[in-house]
Amino acid sequence: MTDRPPNRKRRRLKRFLFGLLIAAFLVTLDYFLYPLLGVSAPAGNVGENGLWLRYTWYFGEKTEDEWAGMTARLRDEQVKDAFFHVRYIQPDGTLHFRYPERAKALTARVHREAPGVRAVAWIYAENKPGAFYVDVADPKVRQRMVEEAVWLVEECGFDGVQWDYEVVKRNDRPLLQLLDDTRAALPDTFLSVCTPPWYPKPVVWFYGWDEAYFRQVAARCDQLAVMGYDTGMPLPRAYVWLMRGQAVHVTRAAAKGNPDCRVLIGLPTYDTRTASHYPSVETLRLALKGTREGLASTRAVPGSFAGVALFADYTTSAEEWGQYERLWLMK
């Protein structure tokens with residue numbers, strides 16, 4: 001009789017360990033097999049896609065052949081918004097790099113060789129403690145930032161600006177103030193915002209945005225450019241689920257916050273392994289699969305959706321451009 005309790009404990013432990021082994025096997029199997037599943041949901045392409053482009057275009061460091069290839073790509077790949085990186089805002093609110101003549105040459109050439117494409121100044125500002133921290137809550141800093149946006153549009157010829165203020169938590173008031181000030185200074189100019197992804201509770205308590213904050217931001221801009229990468233998702237199925245959520249929740253928020261605001265979902269095409277990016281999980285194919293499935297949901301608002309945007313021009317391989325054409329443009 002005295003041997004039974006230890007025996008029961010050992011049997012329970014064995015069953016528990018066996019269960020863990022089966023679970024680990026199933027997760028591993030799903031990790032490798034799930035990405036092989038087809039993409040059955042219809043594509044939602046309406047020809048208004050985006051592309052983030054490296055600062056070297058703004059710096060004027062490209063050859064004639066590179067220029068010809070880039071403008072042809074913008075035309076052929078149905079890119080509406082070309083986000084040209086003009087680098088970063090300094091802590092005092094001013095742009096670190098100001099190249100007016102090169103910027104004018106860039107925008108003039110895009111307008112001439114890729115008519116219909118918006119040349120947008122993509123402006124980065126850092127929202128974390130350190131040497132490059134930009135305190136957008138400071139009215140003087142914010143005023144200088146807006147002045148730089150006006151300069152990029154009125155002097156350099158950009159069709160709009162995209163604020164990339166990272167990383168902003170939900171309910172951040174300074175970002176809303178920056179958008180209000182930018183809109184007041186450029187009332188008729190295209191205004192885009194790079195955003196973290198939508199996340200459900202409880203994750204959104206620590207990172208990402210919820211529908212309520214997306215609505216507030218949408219009310220102040222023309223475009224929400226969701227960064228659907230660096231999500232920290234370690235499993236393919238989880239990443240596709242999250243991308244479905246962007247197409248559903250962000251389009252719903254945009255429709256409620258501003259019927260004229262459109263959603264662009266950014267998709268990864270880079271292979272660098274980081275703490276928040278697993279290249280074998282955050283692939284272009286899986287990102288497109290999730291986006292297409294999300295748009296097919298009855299809870300999504302396709303009318304608020306503009307397209308997808310690849311990050312970035314310098315990391316997208318020929319194979320990935322082929323995937324984009326087959327799975328999104330349906331060529």
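The values are calculated or read from the model by the stated rules, or taken from the named source; none is laboratory data. A quick note: this is a predicted structure, and the numbers were derived from the prediction, not measured. Using ideal geometry, Cβ is built from the backbone for each residue, glycine included, and neighbour counts are taken over all protein chains shown.
When the stretch 74-89 is filtered for residues that are touching a residue at least 40 places away in the same chain (Cβ under 8 Å), part of a helix (DSSP H, G or I) and charged (D, E, K, R), only 75 remains. Looking across the stretch 170-203 at every residue that is in contact with an Asp or Glu (Cβ under 9 Å, 6 or more places away or on another chain) and β-branched (Val, Ile, Thr), the one that is farthest from residue 220 (Cα to Cα) is identified as 189.
Taking the numbered list (1) under 21 Å from residue 247 (Cα atoms); (2) touching a Pro at 6+ places or on another chain (Cβ under 8 Å); (3) exposed (fewer than 13 other Cβ atoms within 10 Å of the Cβ) in turn, residue 298 passes all entries but (2).
Per this entry, residue 235 is not counted among residues that are at pLDDT 95 or above and within 23 Å of residue 193 (Cβ to Cβ).
Checking 110, 167 one by one, the residue that is at pLDDT 95 or above, of a type in the set (Val, Ile, Thr) and within 23 Å of residue 222 (Cβ to Cβ) is 110 and no other. Number of residues in the stretch 90-122 that are surrounded by 15 or more Cβ atoms within 10 Å (Cβ to Cβ), of a type in the set (D, E, K, R) and part of a helix (DSSP H, G or I) equals 3. Among the residues of the stretch 146-174, those that are in contact with a strand residue (DSSP E or B) (Cβ under 6 Å, 6 or more places away or on another chain) and either hydroxyl-bearing (Ser, Thr, Tyr) or assigned to a helix (DSSP H, G or I) (or both) comprise 148, 149, 152, 165.
If you go through the stretch 43-75 and keep only what is over 21 Å from the mean Cα position of the chain (by Cα) and either outside the structural domain of residue 88 (by TED's automatic domain parsing) or aliphatic (A, V, I, L, M) (or both), you end up with 68, 72.
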